[in-house]
Each structure stands twice: as C-alpha cells, then as structure tokens.
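Report on the structure given below.
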Amino acid sequence: MTYVDGFVAAVPTANKAAYRIHAEVAAAVFREHGALSVVDCWGDDVPDGEVTSFPMAVKCKENETVSFSWIVWPSRDVRNAAIPKIMADPRLDPTANPMPFDGKRMIHGGFDALVDV
C-alpha cells in the first residue's frame, strides 16, 4: 500500500494566488523526488465545529481559508529518503519560495493507506 502525508493550514484568503504558486513549485519538487501525486485544495465548504473542526485545528481567522493537501508516496521508505533532498532543494528555500501562511499553525502527519480504490 501507499503512504500519504496530509496537511491542513489556514491561509490568508488574500494570498490564494501566492499559495497556488507556492504549491505548484512544491508539487514539482515532491514529484521529482518520488511522490506519486500531490493534491492541494482550497476550502469551499469547511464549517466551524462545536468540539473540533478543520478551522479550529489550525486556528483559522475570519480573513483566512483552510487548505487541505496530501502527497501520495509509493512507501514510507521512499518518502523518508526523499525528505532530506526536498528540504535541500533551493526551490523550496524560504527566501526563494516563502510560505504564504503561518506554518506554525499547519498540522501534518504521515499515514499508511488502508483503502485506496
């Protein structure tokens, strides 16, 4: 089965175009280093919850939109081998491609795929 990295972030709504460019550059780097696919989504119907929700998890402010992204890898080993190379890639250097959101409020994790149909 594949391995998936998942991400949720609060992005200033005014930064949507910059976020798209940032995501496109990052996706190319991930693909070059073995990712099978990269998907970045812009929140459209992401309600606040009573106990928990995507907006609550990333402390989304009124002028922000939740983004939801995932990267599919052939395996955790491929992902683990790729990460140091990805982090060293100059295209992802924060001075060349700054994150258009507060990375401290991004949540992420790696997951073993259980069902993939």
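Read-outs: derived from the displayed coordinates by stated rules, not from any lab. Every value quoted in this text rests on a predicted model; they were computed, and no experiment measured them. Cβ placement follows ideal geometry from the backbone for every residue including glycine, while neighbour counts extend to all protein chains displayed.
Given charges of +1 on the Cβ of Lys and Arg and -1 on the Cβ of Asp and Glu, with all other atoms neutral, how large is the dipole of the range 1-75 about its Cα centre, in debye to the nearest 20? Walk me through the numbers on the way to the answer.
Values: 5 positive and 10 negative charges, 46 e Å.
Magnitude of the dipole: close to 220 debye.
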>> Ignoring everything except DSSP H segments at least 4 long, calculate the 222 nm mean residue ellipticity for the chain; use -39,500 (n - 2.57) per segment, divide by total residues, nearest 500.
In response: -9000 deg cm²/dmol
> Can you give the convex hull volume per residue for the Cα atoms of the range 1-42, as a whole number of Å³?
Replying inline: 67
>> Placing +1 on the Cβ of each Lys and Arg and -1 on the Cβ of each Asp and Glu in the chain, which of 113, 56, 14 has its Cα farthest towards the positive end of the resulting dipole?
In response: 14
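Enumerate lysine pairs in the chain that are 8 or more residues apart or on different chains, then count those whose Cα atoms are under 19 Å apart. Can you show the working numbers first?
Values: 16/59; 16/61; 16/104; 59/104; 61/104.
For the chain, qualifying lysine pairs total 5.
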> In whole percent, what relative contact order does the chain give with Cα contacts below 8 Å and a gap of six or more residues?
Replying inline: 49
>> Which of 72, 38, 25 ends up with the largest GNM mean-square fluctuation for the chain, with Cα atoms connected below 10 Å?
In response: 25
>> Going 7 Å from the Cα of residue 32 along its beta-carbon direction, which residues of the range 60-97 have the amide nitrogen within less than 13 Å of the resulting point?
In response: 85-93
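Multiplying the sequence separation of residue 88 and residue 108 by 0.36 nm and subtracting their Cα-Cα distance, what value in nm do you get?
Numbers: separation 20, 0.36 × 20 = 7.20 nm, distance 1.96 nm.
Fully extending the segment from residue 88 to residue 108 adds 5.2 nm.
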>> Between helix 16-32 and the chain, what is the angle of the helix's C-alpha long axis to the longest principal axis, kept within 0 to 90° and rounded to the nearest 10?
In response: 20
> What net charge do the residues around residue 65 carry, taking every other residue with its C-beta under 11 Å from that of residue 65, with Lys and Arg at +1 and Asp and Glu at -1?
Replying inline: -1
> Helix 76-88: angle to the longest alpha-carbon principal axis of the chain, degrees 0 to 90, nearest 10?
Replying inline: 80
>> Can you tell me the mean projection area, over all orientations, of the convex hull of the chain's alpha carbons? Units nm², please.
In response: 7.9
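Students often check this: by mean Cβ neighbours within 10 Å, which of 8-15, 40-47 ranks highest, and how do the rest follow?
Values: 8-15: 19.2, 40-47: 12.9.
Sorting 8-15, 40-47 by mean packing, highest first, produces 8-15, 40-47.
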> Spin-label point model (7 Å from Cα, Cβ direction): what's the residue 76 to residue 7 distance in nm?
Replying inline: 2.1
